[in-house]
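> Submitted below is the structure of interest, expressed as structure tokens.
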Amino acid sequence: MSRFAALAAQPTYPCLPSGMTFGHLVELIERHARRAFGIGLARRDALLRMMRSTSVSDWTDPHRDPVCYRAQQDMAAEIGITDRALRAHERHLEALGLVLIDTAADGHRSGAELSGGRRLGINFRPLIQRVGELIACDRDRQAEGRRIQTLRLECSALKRDVRRAIERLVELEPRHPALGSLLHAFAAWPRRYAGFRTVAQLEGHLADIRSVYDQLAEILSCRADSSGVSESRIPAILNTNLKNPVSCSGSSANNRTARKRADTNPYTAGPKGPPGCSEKNDLRPGQGRKPELTETFTPDQLYAMASDDMRLYLDSSGHSPDQLTDRDFISAAIASLVDLGIRPSAWEDAAEVMGNLGAALTVLVIDANRFRSVEPVRKPGAMLCAMTRIAARSGLNLHGSLIRLKQWKIFGKS
């Protein structure tokens, strides 16, 4: 039996997957024809012109194949190429397994149905059978785009830490022998990422930034003092509601119980730890410093406070909950931004105001509070912007937010 006889004898015909429209298929071909099938722009445009000459309903009809039966000379004139060039496109598309050229012996094409529903022309059944390749290609491309966005934000976050560490080193030891090379490396990094078009290029750039950051962290680890972003105070996020901006204004924060407890906290003095240092400082009572977030909360406590979604990103670090680092929480927060609908610009603003770790833990709190039974956070992006504005005027009590979240998540108290 010939291939055309087999085509006609088949009782049902393949059609587009449920939920996919002809327009969606055209979009996929416009985006991924080269990547999925290896065809250039001219051949892709010829394919799309032939597809648009079919009946749209035939692509989802299990009883008909979509067929382009227009005369070659008419089609070639519309595209602006010769008949010979169009025939070359058709033969190449058939060789790639995207169409089936089913014409009469003299090349005649017709929309009239023959036995078994067969129509003469360019049959697109093979393309329908390969739609899965386009879908997989689109999924891979989206994942790649998301990875590129995440890497860009991670590069920016680490550059921010490098900048602050350099500023601190200049303040502490402006004549340090390594300062010149570190400043040169920092100045050489491009401000924009247009030149980094692949995941591999961005990963290499991130590795370069991390190398400089590690050098700075090692240098500053011998110093008792380093830069940092202080945490200011407003009511915890569990008392924050976008519908009532007054409740997160931070007014009268100094009179709150949490503030009074902080004034009597034995961990109220001593210098801040160096960037990247996981060890706690030798804190002494009575010297007027609020403990850092990572001094108040252990990594496994923060992990337990996170949502299940955030824990998946934290797990991808490969570290156990009690071994998670600041960088792990920052990377997890950045990776979750797309899921939460938070714009990269909103994250950048938050990180500039709060510092990378402060912004990451703010995202962790916002994300976890999406699952509260009472007044859950429904717009994470708007909430992050609101909290950034509050932090900019020194009103954000991230410690209090995390304490309340810990009470709710671990102890079942709201």
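> In terms of solvent-accessible area of protein heavy atoms at a 1.4 angstrom probe, what is the ranking of His184, His32, His24, His176, highest value first?
Numbers: His184 135, His32 5, His24 75, His176 40 Å².
If we order His184, His32, His24, His176 from most to least accessible, we get His184, His24, His176, His32.
> In terms of modelled amide H atoms, which long-range or inter-chain residues lie less than 5 Å from the amide H of Ser110?
It is Leu120, Gly121, by chain and number.
> A follow-up question, please. Can you check what the net charge comes to around His63, using other residues whose Cβ is under 14 Å from the Cβ of His63 (Lys, Arg +1; Asp, Glu -1)?
Numbers: positive: Arg64, Arg118, Arg119, Arg125; negative: Asp58, Asp61, Asp65, Glu113.
Here the charged neighbours net out to 0.
> Another one. Just subtract the alpha-carbon distance of Arg163 and Arg175 from 0.36 nm times their residue separation and send over the number in nm, one decimal.
Details: separation 12, 0.36 × 12 = 4.32 nm, distance 1.71 nm.
Stretched out fully, the Arg163 to Arg175 stretch lengthens by 2.6 nm.
> Can you give me the C-alpha center-to-center distance between region 27-41 and region 317-395, rounded to a whole angstrom?
For region 27-41 versus region 317-395, the Cα centre distance is 37 Å.
> So which trypsin sites (Lys or Arg not before Pro) in region 300-387 pass both tests, a DSSP loop state and at most 16 other Cβ atoms within 10 Å of the Cβ? Show your work: numbers first, answer last.
On the way: sites: Arg311, Arg327, Arg370, Arg372, Arg378; in loops: Arg372, Arg378.
Those that pass, being in a loop and sparsely packed, are Arg372, Arg378.
> Calculate, in whole percent, how much of the Cα-Cα pair population of region 3-154 lies beyond 28 Å. Show your work: numbers first, answer last.
On the way: 2659 of 11476 pairs.
Result: 23 percent of Cα pairs exceed 28 Å.
> Please give the length that would be gained between Ala42 and Arg370 if that part of the chain were fully extended, namely 0.36 nm times their separation in residues minus their C-alpha to C-alpha distance (nm, one decimal).
Result: 113.2 nm gained on full extension.
> With the contact rule set at Cα under 8 Å and sequence spacing of 6 or more, what percent relative contact order holds for region 1-129?
On the way: 160 pairs, mean separation 36.2, N = 129.
Relative contact order here is 28 percent.
> Set the Förster radius R0 to 60 Å, insert the Cβ-Cβ distance between Ser394 and Arg141 as r into 1/(1 + (r/R0)^6), and round the FRET efficiency to 0.05. Walk me through the numbers on the way to the answer.
Numbers: r = 43 Å, r/R0 = 0.72.
Efficiency for this residue pair is about 0.90.
> How much FRET efficiency would the formula 1/(1 + (r/R0)^6) give for Asp339 and Ala382, where r is the Cβ-Cβ distance and R0 is 22 Å, rounded to 0.05? Intermediate results must be reported in sequence, preceding the final value.
Values: r = 16 Å, r/R0 = 0.71.
The value I calculate is 0.90.
> Can you give the FRET efficiency for Arg52 and Arg197, using 1/(1 + (r/R0)^6), R0 = 45 Å, r = Cβ-Cβ distance, to the nearest 0.05?
Values: r = 31 Å, r/R0 = 0.70.
Efficiency computed from Cβ-Cβ geometry: 0.90.
> Answer with one residue from Gly400, Ala360, Leu384: the one whose Cα lies farthest towards the positive end of the charge dipole of region 352-414, charges on Cβ with Lys, Arg +1 and Asp, Glu -1.
Gly400
> Continuing with this model, one more query. Which value, in nm² and rounded to one decimal, describes the direction-averaged projected area of the C-alpha convex hull of region 297-414? Walk me through the intermediate numbers first.
Working: hull surface 26.2 nm².
Averaged projected hull area, Cα only: 6.6 nm².
> At q = 0.13 Å⁻¹, what base-10 log of I(q)/I(0) does the Debye formula yield for region 140-209 when every alpha carbon is treated as an equal point scatterer in vacuo?
The Cα Debye sum returns log10 ratios of -0.44.
> So how much slack lies between Glu94 and Arg35, counting 0.36 nm per residue of separation and subtracting their Cα-Cα distance, in nm?
Numbers: separation 59, 0.36 × 59 = 21.24 nm, distance 1.76 nm.
That works out to 19.5 nm of additional length.
The values are calculated or read from the model by the stated rules, or taken from the named source; none is laboratory data. Nothing here was measured: the structure is a model prediction, and the numbers come from that model. Here Cβ is always computed from backbone atoms with ideal geometry, including for glycine, and neighbour counts include all displayed protein chains. Each accessible area value is taken on the protein alone, full model and side chains, heavy atoms only, with ligands, DNA and RNA left out. Shrake-Rupley method; radii C 1.70, N 1.55, O 1.52, S 1.80 Å.
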